Every structure is written in structure tokens, then in C-alpha cells.
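S.K.: Attaching a single structure in C-alpha cells format; questions to follow.
The values are calculated or read from the model by the stated rules, or taken from the named source; none is laboratory data. What you are looking at is a predicted structure, and each value in this text was computed from that prediction instead of being measured. Using ideal geometry, Cβ is built from the backbone for each residue, glycine included, and neighbour counts are taken over all protein chains shown.
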Amino acid sequence: MTDAERAARERVRLQAVAFFEGGEKNREIAAALRVSERSVERWRRQWREDGLAGVASKGSPGRPRLSDTQIARLERELERGPLAQGWADQRWTLARVKTLIGRLFHVSYTVEGTWRLLRRHGWSWQQPALRAIERDDDAVELWQREVWPRVRAPRR
């Protein structure tokens, strides 16, 4: 969850506190804030027990498993490429990155967790364009412009 999303959820909980102080019922609060009654019940209980601090955001439920230094090292290793890490081709897959993290830092990630980690640090999903080495772009363009209109079936 991003900081902006966390802040938006915090605002909703603080609005709920205002309703609590006004004596509103859980059902009315849930309808007004478009949340479940169960969430409102939980917030009310936390508010009764700990006051405003009880409904405050606790931050991310999980802590980052890799430090900034480790992330920097991981990025250096990824930039070296899969061949340098012992794989037979030049494709990074999430499973390979997950294995690399395990080898380097002795930390276990799921494939989905690996994707989240990479995305959070600016890596994106890309698929290499497969093109024949013998491809002649000029010949392809000429064929598309002159031959294809003659070959293509006429519209009815």
C-alpha cells in the first residue's frame, strides 16, 4: 500500500472517530463512510480502548526484508545479467530473481513478493521482442505497402 493510500484510509478512520464522538450507530457510520460494519465495530473498540491512537495507522504490516544496501547489491547483480548468475539465457524471470535473492541474502520471497519488491524499486515487466536476425525491415515495409493490398480479400 502506498503512503497516499494509507493516508486516505487514516482519514476514513478519523471520520469514524468524529461519528463515534457524535453518538452515531455503527450501521449509519458504515453507510456514510462506505465501509463494512465489522470495520466500524473494530475501530470503535480500538477507540474505546486506546483513544485516537488506537485508530491511527500502524504502518505497513510487514517490514522490508532487504535493507537499502542489499537492494543496491541485488540491482547490481540483476544488471550483470542472468548469464553471470549461471543461467543459460538472458531472460530474468521472477522465479530466477527469487532464487537469486535466496542465494545472495538467504531470504525467502514468494514469486508475487519478488514482483512487488522489484516494482517498488522501479523495475518493470518487459518482454523482449523476438525478431529474426535475417529480418529486412525495408522489404517488410515494401511488402505491406504494395503486395498486401492486392492479396487482402476485398471487403463486402
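S.K.: With the condition kept exactly as written, say whether any residue in region 7-26 is within 17 Å of Arg120 (Cα to Cα), without any contact (Cβ under 8 Å) to a residue 24 or more places away in the chain and of a type in the set (D, E, K, R).
M.R.: From region 7-26, those within 17 Å of Arg120 (Cα to Cα) are none; that's our starting set.
No, region 7-26 has no match at all.
S.K.: Within region 33-57, track down each residue that is charged (D, E, K, R) and part of a helix (DSSP H, G or I).
M.R.: Going through region 33-57, the residues charged (D, E, K, R) turn out to be 34, 37-38, 41-42, 44-45, 48-50.
Hits for region 33-57 are Glu37, Arg38, Glu41, Arg42, Arg44, Arg45, Arg48, Glu49, Asp50.
S.K.: Something else: For region 1-32, name all the residues that are in a helix (DSSP H, G or I), surrounded by fewer than 16 Cβ atoms within 10 Å (Cβ to Cβ) and not hydrophobic (A, V, I, L, M, F, W, C).
M.R.: If the condition is that a residue be in a helix (DSSP H, G or I), surrounded by fewer than 16 Cβ atoms within 10 Å (Cβ to Cβ) and not hydrophobic (A, V, I, L, M, F, W, C), then Asp3, Glu5, Arg6, Arg9, Glu10, Arg11, Gln15, Glu21, Arg27, Glu28 are the ones that fit.
S.K.: How do the helices (runs of 4 or more DSSP H) wholly within region 70-156 filter down when requiring 2 or more residues that are acidic (Asp, Glu): which remain? Quick ask: steps written out before the conclusion?
M.R.: Working: elements: 94-105, 111-120, 137-142, 148-151.
Helices (runs of 4 or more DSSP H) meeting the threshold: 137-142.
S.K.: What's the number of the condition Leu78 fails, among (1) surrounded by 11 or more Cβ atoms within 10 Å (Cβ to Cβ); (2) modelled with pLDDT under 90?
M.R.: Of everything listed in (1) surrounded by 11 or more Cβ atoms within 10 Å (Cβ to Cβ); (2) modelled with pLDDT under 90, Leu78 misses just condition (2).
S.K.: State whether one or more residues within region 40-55 are closer than 23 Å to Phe105 by Cβ, of a type in the set (D, E, K, R) and free of Cβ contacts under 8 Å to residues at least 40 places away in the same chain. Talk me through it step by step, then tell me what you get.
M.R.: Restricting attention to region 40-55, the residues satisfying the condition of being closer than 23 Å to Phe105 by Cβ are none.
No.
Okay, residues lined up against (1) of a type in the set (Gly, Ala, Ser); (2) modelled with pLDDT of 90 or more; (3) in contact with a Gly (Cβ under 9 Å, 6 or more places away or on another chain):
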{"site": "Lys98", "(1), (2), (3)": "no, yes, yes"}
{"site": "His106", "(1), (2), (3)": "no, yes, no"}
{"site": "Thr114", "(1), (2), (3)": "no, yes, no"}
{"site": "Trp123", "(1), (2), (3)": "no, no, no"}
{"site": "Asp137", "(1), (2), (3)": "no, no, no"}
{"site": "Pro154", "(1), (2), (3)": "no, no, no"}
